[in-house]
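Novice: Can you keep this structure in mind? I'll have questions shortly.
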Amino acid sequence: SHKSRVTVVGSGNWGSVAAKLIASNTLKLGSFHDEVRMWVFEEKLPSGEKLTDVINRTNENVKYLPGIKLGKNVIADPDLENAVKDANMLVFVTPHQFMEGICKGLVGKLHANVEGISLIKGMEVKKEGPQMISALVSKQLGINCCVLMGANIANEIALEKFSEATVGYRENRETADKWVQLFSTPYFMVTAVQDVEGVELCGTLKNVVAIAAGFVDGLDMGNNTKVSVSNKATSVRCMPVFLCLLFYLDCLSYQAAIMRIGLREMRAFSKLLFPSVKDSTFFESCGVADLITTCLGGRNRKVAEAFAKSGGKRSFDELEAEMLQGQKLQGVSTAKEVYEVLTHRGWLELFPLFATVNEICIGSLPPSAIVEYSEHKPKCS
Ligand code: NAD
Ligand code: 13P
């Protein structure tokens with residue numbers, strides 16, 4: 001038939017919510033088959049049962065999205081090849097570090113005329129330079145790949161709380177509209193923009209800024225780390241070199257400063273890598289809105305706070321395992337990947353926030369460096 005068949009490749013926290021959203025729409029829309037396949041990276045639960053079996057029995061991803069029914073038309077499948085074999089629309093949504101391996105497993109296994117979309121925030125850095133995940137998918141599998149990013153904390157969307165998202169597409173507006181149709185619900189408002197790289201870089205880079213926001217939260221800077229800068233008049237020495245100017249402004253919290261500087265670095269980095277990136281993209285949900293929500297309520301922020309509270313003594317890997325129950329951070333590896341690009345291209349000085357985040361993550365600077373005024377650096381006021 002000419003109906004589209006959708007498979008979701010991934011079944012973590014956001015992957016499960018994406019499957020739920022999509023499955024509610026395929027039931028309603030005549031142009032899609034009802035069934036949504038969801039590939040599950042199989043694992044044994046403490047009960048001894050396989051995760052896939054439990055999802056198919058209870059209609060819940062008990063490990064990554066407990067308490068939420070996915071919809072009876074979501075079918076979990078641990079066999080990657082089988083999960084994609086009949087699909088002509090593939091939704092990629094796994095932690096970014098696993099995508100190279102997954103793509104290798106998919107080469108030669110896809111239906112003809114497959115369209116892809118990536119919900120994955122991250123990049124790979126190769127000798128030739130950085131590669132966004134949608135580009136990896138396109139190149140490895142020879143398919144067109146859109147992206148969907150936005151201010152989308154998965155657990156909130158699972159509860160059907162309102163949010164927006166941005167689809168980025170390269171050329172084909174019709175395909176973008178089909179993705180918009182597949183994802184849109186009254187509580188999930190999707191807009192398409194012709195700027196794949198811009199949308200994907202927004203989603204990817206804001207995770208680095210969220211780590212910085214978490215560090216600020218975790219530092220012992222008085223009883224409230226979110227106090228306004230003007231209240232900190234006596235602690236000029238604690239200002240980071242890149243926050244100097246802000247010291248003179250009223251009512252700006254460190255968090256707001258981090259977000260503002262982060263947004264500027266996001267835009268500058270994106271445009272240096274891809275001159276086609278549009279300024280307007282940063283005002284879509286994938287830009288400033290995702291930055292704010294992740295800096296306030298995301299997992300990267302939360303674990304970075306714990307890291308700073310430990311004075312950098314506990315590792316991110318250890319904290320991730322302890323705090324996230326199998327869910328994965330993207331910001332720490334992205335900071336490293338961005339740093340490699342900055343080093344190779346001689347851009348380190350241009351991106352003090354991005355660079356400092358990585359240096360803190362790898363232990364060459366203490367967490368306090370995110371707000372420390374260095375006497376060795378020239379004053380900027
Ligand atoms: P997650 O953080 O819940 O990660 C857990 C998933 O990784 C599980 O499905 C697990 O089976 C899988 N996994 C673990 N080891 C694996 C391996 N070796 N190979 C393949 N898979 C393996 O995942 P998520 O929340 O669905 O995030 C996926 C992407 O979506 C990320 O790039 C993330 O940044 C992005 N995202 C997440 C959210 C959110 O709120 N969770 C929102 C928007 C975007
Ligand atoms: P975290 O991975 O930091 O939770 O961010 C989720 C996200 O991307 C929200 O859009």
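The values are calculated or read from the model by the stated rules, or taken from the named source; none is laboratory data. All values derive from a computational prediction rather than experimental measurement. Backbone-built Cβ (ideal geometry, glycine too); neighbour counts: all protein chains shown. These accessible areas exclude ligands, DNA and RNA; they are computed on the full protein's heavy atoms, side chains included. Shrake-Rupley method; radii C 1.70, N 1.55, O 1.52, S 1.80 Å.
Novice: Order the following by accessible area, largest value first: ARG37, ARG301, ARG264. Probe radius 1.4 Å; ligands, DNA and RNA are ignored.
Specialist: ARG264, ARG37, ARG301
Novice: So if I average 1/r over every pair of distinct C-alpha atoms in the stretch 38-95 and take the inverse, what Kirkwood radius in Å does that give?
Specialist: Evaluated on the stretch 38-95, it is 12.1 Å.
Novice: Now a separate question. Show me, for the stretch 59-75, the HN-Hα J-couplings you get by feeding each phi into the Karplus relation (A = 6.51, B = -1.76, C = 1.60, θ = phi - 60°), rounded to Hz, glycine and proline as x.
Specialist: My calculation for the stretch 59-75 gives 6, 9, 8, 5, 8, 9, 8, x, x, 10, 6, 7, x, 5, 7, 8, 10 Hz in order.
Novice: Given points 7 Å out from each Cα along the Cα-Cβ axis, report the GLU35 to SER4 separation in nanometres with one decimal.
Specialist: It is 1.9 nm.
Novice: Give, as a single signed number, the net charge of other residues whose beta carbon lies under 13 Å from the beta carbon of ARG314, with Lys and Arg counted +1 and Asp and Glu -1.
Specialist: -3
Novice: Hey, rough spin-label estimate for GLU322 and LYS161, points 7 angstrom out along Cα→Cβ, what's it come to in nanometres?
Specialist: Spacing of the two 7 Å Cα→Cβ label points: 2.6 nm.
Novice: A follow-up question, please. In whole percent, and with a 1.4 Å probe on the protein chains, what portion of the accessible area of the chain is carbon and sulfur?
Specialist: 53 percent
Novice: With springs connecting C-alpha atoms under 10 Å apart, model the chain as a Gaussian network and identify which of ASP279, ASP34, ASP195 has the largest mean-square fluctuation.
Specialist: In this elastic network of the chain, the residue with the biggest mean-square fluctuation among ASP279, ASP34, ASP195 is ASP279.
Novice: In Å², what does the accessible area per residue of the chain work out to with a 1.4 Å probe?
Specialist: 44 Å²
Novice: Starting from 0.36 nm per residue, how many nanometres of slack lie between LEU296 and HIS344 once their C-alpha separation is accounted for?
Specialist: Going from the current span to full extension adds 14.1 nm.
Novice: Follow-up. Which residues in the stretch 72-99 have a backbone N closer than 12 Å to a point placed 7 Å from the Cα of ASN56 along the Cα-to-Cβ line?
Specialist: Those under the cut-off are 75-79, 83.
Novice: With every protein chain present, what accessible area does CYS145 have (1.4 Å probe, heavy atoms only), rounded to the nearest 10 Å²?
Specialist: Estimated to the nearest 10 Å², CYS145 gives 0 Å².
Novice: What is the P(r) of the chain, as percent of Cα-Cα pairs per 20 Å bin from 0?
Specialist: P(r) for the chain, in whole percents per bin: 29, 56, 15, 0.
Novice: Mind checking the full-extension length gain between ASN113 and LYS127? Use 0.36 nm per residue of separation minus the Cα-Cα distance, one decimal, nm.
Specialist: 2.0 nm
Novice: Here is a follow-up. Report the Stokes-Einstein translational diffusion coefficient (µm² s⁻¹, integer) for the stretch 21-179, Rh taken as the Kirkwood radius over Cα pairs, at 10 °C with viscosity 1.306 mPa s.
Specialist: Rounded, D is 94 µm²/s.
Novice: Here's something else I'd like to know. Would you work out the relative contact order for the chain, in percent, from Cα pairs under 8 angstrom that are 6 or more residues apart?
Specialist: Relative CO of the chain lands at 15 percent.
Novice: Gain in length, LYS313 to LYS139, computed as 0.36 nm per residue apart minus the alpha-carbon separation, to one decimal in nm?
Specialist: So the extension gain works out to 58.6 nm.
Novice: Here's another thing I want to ask about it. Which residues does the label zone of ASP177 cover in the stretch 1-44, counting backbone N under 20 Å from a point 7 Å along Cα→Cβ?
Specialist: Within reach of a label on ASP177, which here means backbone N under 20 Å from a point 7 Å along Cα→Cβ, the stretch 1-44 contributes 2-5, 25-26, 28-33.
Novice: Quick one: net charge around LEU27, please, counting Lys, Arg +1 and Asp, Glu -1 for every other residue with C-beta under 12 Å from its C-beta.
Specialist: +1
Novice: Helix 13-28 versus the longest principal axis of the chain: what angle, 0 to 90°, nearest 10, using Cα atoms?
Specialist: In the chain, helix 13-28 runs at an angle near 40 degrees to the longest axis.
Novice: Still on this structure: Pairs LYS161/LYS206; LYS69/LYS178; LYS104/LYS302; LYS161/LYS328: which exceed 27 Å Cα-Cα?
Specialist: LYS104/LYS302, as the Cα separations exceed 27 Å there.
Novice: Under the rule that an exposed site lies in a DSSP loop and has at most 12 other Cβ atoms within 10 Å, name the longest stretch of the chain with no GluC sites (Glu not before Pro) of that kind, not counting the sites themselves.
Specialist: My reading of the result: 172-374 is the longest stretch.
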